[in-house]
Amino acid sequence: MPQTYNPQLGREHSYPYEHREEERDWHWGMVINTNRCINCNTCSFACKSTWTSGEGEEYMWWMNVETEPYGGYPMGWDMRLLDDLGPDETIFEAAEDGEQVRGYVAAKEEWEYPALGDDQSHGEYPAGDVVESDPDNEQYHDMWQFYLPRLCNHCKNPACLAACPRQAIYKREEDGIVLLDQERCRGYRRCVKSCPYHKPMYNPETGISEKPVGCFPRIEDGNVPRCVSSCIGKTRLHGNINRGPDAGHPNDVSSAADGRSPINYLVKSDEKVALPLYPQFGTRPQVFYMPPYHVPPEFLTQMFTPNVDEKRNDWPGSTYEESVKIVQQRARDPSHHVLGILQLFGATTRLIETYRVKENRVKGWDRKGKKVVDMPIEEPMEVREGEQWTNQ
Ligand code: SF4
Ligand code: F3S
């Protein structure tokens, strides 16, 4: 079987197709700041009303928000699969005889509760009235929960694509979006079984499967996906994950920009502040999460780093747990540059290709080089002179 280098794991592993991801100039990607998510599910409903409101699509939530650590849609989607993988084993290496990918089929009732565990926190309720911080480490709470928005990752090693015997799933040349060709699909459902994030879903009315489409018509028009533009918490930034510091300034993009895309900076710069979800699966997901900074890093380590003891690539700490702590700290107390990029989240419905942080302003340009954002990073604060109101 062909081997592929996986930078999220820092090693090679098998993947059933030859491919050439790093040559693609433009690749769909997203960064989600979990610290801003309030579980309002505006994203989920925006996605559902746009894409999955027809017959046979009743249980299809291409976008959903889970409450960690108890939520999950389908139930237990992550733990069930992780339990089947050996340490340091991807879903491709763990495939059973006759299959390309290790997966499982969720039962009907496991799809019936998309908001299971909503608002259920972890930890014992305190005897007193106040939830205190962990005395051993003041950054983390004794009781905690957080919201995890989930969607198709438009993976660079898509398991759904690898598993389909009809080759009905493909990755678009121009932007890496993973699509399912409904004319070719015969309803074999290997895609449903193999996606570790459980995003392809079977439609019993039509007898074929469907999967998230990355809002490709909006991307083609230079707009961000619906889940991004509708998010009232401004949790997300979408764009070209492959546009790195060496991208230069082609004619169609403003030379005033820093060159790389803002999400590339958040994910791949020395200031890495966003991590992939379950990279140990091996699919190279392209949605990255700024981790919640009040949650103990032991929990986040199993969720956002490879499941191995040793650290083998460019993660910032000396161990994976150390890396998570560093990234949490950067999310809690961002540098001026990251703060500037954070202002771009939710600032426009246009897709920001390049940006510049300079002094107290951040600017963004679209793919045609048109400026679409220009705003201050920190608003001036005015302190009124004179008598203050006091509670006398
Ligand atoms: Fe395919 Fe699942 Fe990856 Fe989406 S998240 S590209 S459906 S393997
Ligand atoms: Fe292939 Fe999935 Fe259809 S495996 S045939 S795309 S149901």
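The values are calculated or read from the model by the stated rules, or taken from the named source; none is laboratory data. No experiment lies behind these values; they were computed from the predicted model shown. Don't worry about glycine lacking a Cβ; one is built from the backbone with ideal geometry, like all the others, and counts go over all protein chains shown. When the accessible area is computed, the model is the full protein with side chains, heavy atoms only, and any ligands, DNA or RNA have been set aside. Shrake-Rupley method; radii C 1.70, N 1.55, O 1.52, S 1.80 Å.
The figures follow:
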| read-out | value |
| --- | --- |
| Mean separation of Cα contacts under 8 Å (6+ apart) over length of segment 1-123, as relative contact order % | 23 percent |
| Of V228, V105, V273, the one that fluctuates the most in a GNM where the chain has Cα springs shorter than 10 Å | V105 |
| Gaussian network model of the chain, Cα within-10 Å springs - most flexible of G103, G259, G54 | G54 |
| Pairwise label distance in nanometres, E112 with E174, each label 7 Å out on the Cα-Cβ vector | 4.3 nm |
| Relative contact order (%) - segment 219-376, alpha-carbon pairs under 8 angstrom, separation at least six | 27 percent |
| 1.4 Å probe accessible area per residue over the chain, in Å² | 47 Å² |
| Segment D134-R80, extension gain: residue separation times 0.36 nm, minus the distance between their alpha carbons | 16.5 nm |
| Segment 98-139 and segment 278-308: distance between their alpha carbon centers, rounded to Å | 15 Å |
| Set of lysines near K368 by C-alpha distance (under 23 Å), chain-local residues within fewer than 8 positions excluded | K358 |
| Pairwise FRET efficiency - E298 versus E99, Cβ, R0 = 41 Å, nearest 0.05 | 0.80 |
| Cα gyration tensor, segment 300-392 - rounded (a/c under 1.5), prolate or oblate | oblate |
| Segment 154-171-segment 19-61 distance, computed between alpha-carbon centres (Å) | 18 Å |
| Too-long pairs where the Cα-Cα distance tops 19 Å, listed order kept, from K211/K272; K171/K211; K268/K311; K272/K325; K108/K199; K156/K363 | K211/K272; K156/K363 |
| Accessible area, probe 1.4 Å, largest first, for residues R367, R150, R384 | R384, R367, R150 |
| Protein accessible area in segment 55-213, 1.4 Å probe - carbon and sulfur % | 45 percent |
| Relative contact order (percent, whole number), segment 55-213, Cα cutoff 8 Å, 6+ residue spacing | 26 percent |
| DSSP beta bridges in the chain [antiparallel fraction, %, rounded to 5] | 90 percent |
| At R0 = 41 Å, FRET efficiency that the Cβ-Cβ distance of E322 and R184 yields, to 0.05 | 0.35 |
| Theoretical FRET efficiency, 1/(1+(r/R0)^6), r = Cβ-Cβ of D119 and M381, R0 22 Å, to 0.05 | 0.05 |
